[in-house]
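Presented below is the structure to which this report refers.
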Amino acid sequence: MYALVDAVAFYASAEKVFDPAIRSKPVVVLTNNDGCVCAVCPIARHLNIPKFGPYFKVKHLLEKNNVVVRSSNYELYADLSAKMMNVIGRFCDTQHIYSIDESFLHFNGYMPLIKNWHEYGHTIRRTVWRETKLPVGVGFGPTPTLAKAANHAAKKLSGFDGVAVIDNEPSRQAILQRMSCADVWGIGKRLAKKLNIMNIHTAWDLAQQNPKTMRRAFSVVVERTVSELNGVACLTWDDVRQDKREIYSTRSFGERISEPTALKTALINHVTTVASKLRAQRSLAKQLYIFAATGKHEDRYCKKSFIYKFATPTNDTCVMANAVSEVFAHIYQPGVRFYKCGVGALELTPVQYQQNDLFNQSADNPKLMQCLDTINNRYGKGILTLASSKLNQGWHMNRDHLSPQYTTRWHDIPKIYCYE
């Protein structure tokens, strides 16, 4: 049996953990630079606040309904996520953390110990709430995809109380018939439109298809999804999240910048992030895409970009930062007020299959990068970084509604006042 434990509106729920005064109020969280609404708590959902809509379009609606607005507080979310995962991990000896707010559990040989999966799910929910004050939904199923479907039912379908179990044919059919194709894990809205044309509208309709036929029509991923919906486990933890084919780091600025040092500092920070992610999935990049642009809605839209081709694939931060410095003159244009910039690693190749080049020796320093990653993983992201990434801090994003970083900054630690 598999379980998926998923926090309810994690970002918005995290904002309520250390601020009891807003627990009964509608709360929304904004994206970088306070651009869009990215998280809506269950109370705010009743106000029909569109998720991922621009903040300026719903600002009046939020003020009218006294909605609490928060900027993304990533430091707080990362810390609360780690605590939540530690609690969830106590309920099973095989845990796979899928994302910042989702964790799979695989129960192998637990049947004599767990008599009632529904009660066990509520035990998980109560424990997570008692120790972290984060609400979670729990779904059980014989495959990861069915556990994901059960989790969807637990949180979004009527008739469930935060826990759903698919452990027999009637429960599987009842839940899949109430789910659209787009809600099935791994399908998505774009593929769901194609399935709808084939008269496949619900998850149950998809489960009735021939897996081999779906593979010929779409891909092996859809074939596995159909098999998983029928109770045949096909996915392993390695398959659950495949390596990315491209890795990007981009961000709009809190305010437009025209100073070259600020733009270069921002690009170096992005390349540092990209290189770190490349090493995390043990990949090398053959090309680096570097760009900077003004706002799309400005009268004189300007975008400057450059594709840098490495002589040998790399994931070394220093090598990639040197590439940015080398082409910066092609990116920067005096007088232009840049709104956004970014870096993308293209044509990724696995480290273990890298063929050395007799005439172009790699300039990578794996031991130095391993030391850098070890220190940052232990003491926090950005503790050790390139000096060129700290030259100018004027490019950072706006977070006008940022809540205190209760667990990561000394002066933000919550204070409790006791009066006689």
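The values are calculated or read from the model by the stated rules, or taken from the named source; none is laboratory data. Keep in mind it's a predicted model, so treat the numbers as computed, not measured. Here the Cβ positions follow ideal geometry from the backbone for every residue, glycine too, while neighbour counts run over all protein chains shown. What goes into the accessible areas is simple: the full protein's heavy atoms, side chains included, and nothing from ligands, DNA or RNA. Shrake-Rupley method; radii C 1.70, N 1.55, O 1.52, S 1.80 Å.
Against the condition among the basic types (Lys, Arg), open to solvent by 10 Å² or more (accessible area, probe 1.4 Å), farther than 11 Å from PHE338 by Cα and at pLDDT 90 or above, how does ARG282 come out, does it pass? When the stated conditions are applied, ARG282 passes them. Based on what the data block shows, is VAL327 open to solvent by less than 10 Å² (accessible area, probe 1.4 Å), touching a Phe, Trp or Tyr at 6+ places or on another chain (Cβ under 9 Å), more than 29 Å from GLY35 (Cα to Cα) and not polar (S, T, N, Q)? Considered against the rule, which asks whether it is open to solvent by less than 10 Å² (accessible area, probe 1.4 Å), touching a Phe, Trp or Tyr at 6+ places or on another chain (Cβ under 9 Å), more than 29 Å from GLY35 (Cα to Cα) and not polar (S, T, N, Q), VAL327 comes out as yes. Counting only helices (runs of 4 or more DSSP H) that sit wholly inside the range 188-261, those with at least 1 residues that are more than 28 Å from the chain's Cα centre (by Cα) and loosely packed, with under 13 Cβ neighbours inside 10 Å are 188-197, 211-217. For the structure I just gave you, tell me whether SER362 is hydroxyl-bearing (Ser, Thr, Tyr), surrounded by fewer than 18 Cβ atoms within 10 Å (Cβ to Cβ), touching a residue at least 24 places away in the same chain (Cβ under 8 Å) and in a strand (DSSP E or B). No. Residues in the range 155-163 include at least one that is within 18 Å of TYR11 (Cα to Cα), within 22 Å of the chain's Cα centre (by Cα) and surrounded by 16 or more Cβ atoms within 10 Å (Cβ to Cβ).
Give the residue, chosen from HIS96, HIS122, that is assigned to a strand (DSSP E or B) and not polar (S, T, N, Q). The conditions single out HIS96.
Condition check ((1) at pLDDT below 95; (2) under 16 Å from the mean Cα position of the chain (by Cα); (3) in a strand (DSSP E or B); (4) under 27 Å from ILE124 (Cβ atoms)) across all residues:
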{"residue": "SER24", "(1), (2), (3), (4)": "yes, no, no, yes"}
{"residue": "ILE49", "(1), (2), (3), (4)": "yes, no, no, no"}
{"residue": "PHE56", "(1), (2), (3), (4)": "yes, no, no, no"}
{"residue": "HIS60", "(1), (2), (3), (4)": "yes, no, no, no"}
{"residue": "ASN66", "(1), (2), (3), (4)": "yes, no, no, no"}
{"residue": "ASP79", "(1), (2), (3), (4)": "yes, yes, no, yes"}
{"residue": "ALA82", "(1), (2), (3), (4)": "yes, yes, no, yes"}
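The number of residues in the range 209-238 that are of a type in the set (Asp, Glu) and in contact (Cβ under 8 Å) with a residue 40 or more places away in the chain comes to 1.
The criterion of being out of contact with any Asp or Glu (no Cβ under 6 Å at 6 or more places or on another chain), over 21 Å from TYR98 (Cβ atoms) and buried (at least 20 other Cβ atoms within 10 Å of the Cβ) holds for ILE268.
List pairs: first in the range 51-71 and free of Cβ contacts under 8 Å to residues at least 40 places away in the same chain, second charged (D, E, K, R) and surrounded by 13 or more Cβ atoms within 10 Å (Cβ to Cβ), Cβ under 8 Å, 6+ apart or cross-chain? What qualifies is TYR55/ASP34. Number of residues in the range 290-334 that are in contact (Cβ under 8 Å) with a residue 40 or more places away in the chain and touching a His at 6+ places or on another chain (Cβ under 9 Å) equals 2. Please go through the range 115-124 and pick out each residue that is open to solvent by less than 100 Å² (accessible area, probe 1.4 Å) and over 11 Å from PHE91 (Cα atoms). Within the range 115-124, ASN116, TRP117, HIS118, HIS122 qualify. For beta carbons closer than 6 Å, sequence separation of 6+ or different chains, a first residue in the range 277-289 that is under 19 Å from ALA363 (Cβ atoms) and touching a residue at least 12 places away in the same chain (Cβ under 8 Å) and a second that is basic (Lys, Arg) and open to solvent by 40 Å² or more (accessible area, probe 1.4 Å), the qualifying pairs are GLN287/LYS309. Remark: pairs (first residue in the range 178-205, touching a residue at least 40 places away in the same chain (Cβ under 8 Å) and under 17 Å from SER227 (Cα atoms); second residue open to solvent by less than 30 Å² (accessible area, probe 1.4 Å) and in a loop (DSSP other than H, G, I, E, B); Cβ separation under 7 Å; 6+ apart in sequence or on different chains) = ALA203/MET179; ALA203/VAL184.
Only one of the listed residues (PHE91, PHE104, PHE140) is of a type outside the set (Ser, Thr, Tyr), in a loop (DSSP other than H, G, I, E, B) and in contact with a strand residue (DSSP E or B) (Cβ under 8 Å, 6 or more places away or on another chain). That residue is PHE91.
Within the bounds of the range 376-393, is there any residue that is in a loop (DSSP other than H, G, I, E, B), at pLDDT below 90, open to solvent by 40 Å² or more (accessible area, probe 1.4 Å) and closer than 30 Å to LYS59 by Cβ? Scanning the range 376-393 turns up at least one residue that is in a loop (DSSP other than H, G, I, E, B), at pLDDT below 90, open to solvent by 40 Å² or more (accessible area, probe 1.4 Å) and closer than 30 Å to LYS59 by Cβ.
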